[in-house]
Amino acid sequence: MNKEELVKEIAKKSKVSQKLAGDVLVALLETVEKTVAKGKKITLVGFGSFEARKRAARTGRNPQTGATIKIAAKKVPAFSAGKKFKELVK
């Protein structure tokens, strides 16, 4: 399912226009991005949690040359599915 299909489904289920459903979806995604970028966690009970996780510095290898390279530490976005969501996917 892509974004357009998701907007259509949201509009149909909530009985609102596709324009409004699209605006709400964009607002939700922007809010999640900005909040996680600030280092805060968003928890939606039953669905899951969005957060920033620290990835430690490590060494790796260039697959073309085999040379050892250093990979810097960084923060990455992460999603953890909630219990209800996990049970639906089984």
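What the table shows:
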{"read-out": "Acute angle (nearest 10 degrees) that the helix 18-37 long axis makes with the longest principal axis of the chain, alpha-carbon atoms", "value": "30 degrees"}
{"read-out": "Local electrostatic count, S14, Cβ distance below 14 Å [Lys/Arg +1, Asp/Glu -1]", "value": "+3"}
{"read-out": "Counted charge near I71, where neighbours are those whose Cβ lies closer than 9 Å (Asp, Glu -1; Lys, Arg +1)", "value": "+4"}
{"read-out": "Residue-normalised accessible area of region 1-68, given per residue in Å² at a 1.4 Å probe", "value": "81 Å²"}
{"read-out": "Length-normalised contact order of region 5-56 in % [C-alpha pairs under 8 Å, at least 6 apart]", "value": "20 percent"}
{"read-out": "Unit charges on C-beta of K, R, D, E only; dipole of the chain, Debye", "value": "480 debye"}
{"read-out": "Estimated 222 nm signal from helices in the chain, with DSSP H stretches of n ≥ 4 weighted -39500 (n - 2.57), rounded to 500", "value": "-13500 deg cm²/dmol"}
{"read-out": "Folded to 0 to 90 degrees: helix 3-14 orientation relative to the chain principal axis, Cα", "value": "40 degrees"}
{"read-out": "Cut-off 15 Å between beta-carbons: net charge of the residues surrounding T35, Lys and Arg +1, Asp and Glu -1", "value": "+3"}
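The values are calculated or read from the model by the stated rules, or taken from the named source; none is laboratory data. Quick caveat, the model's predicted, so the values are computed rather than measured. Glycine also receives a Cβ, built like all others from the backbone with ideal geometry; neighbour counts cover every protein chain displayed. SASA here: full protein model, heavy atoms, side chains in, ligands and nucleic acids out. Shrake-Rupley method; radii C 1.70, N 1.55, O 1.52, S 1.80 Å.
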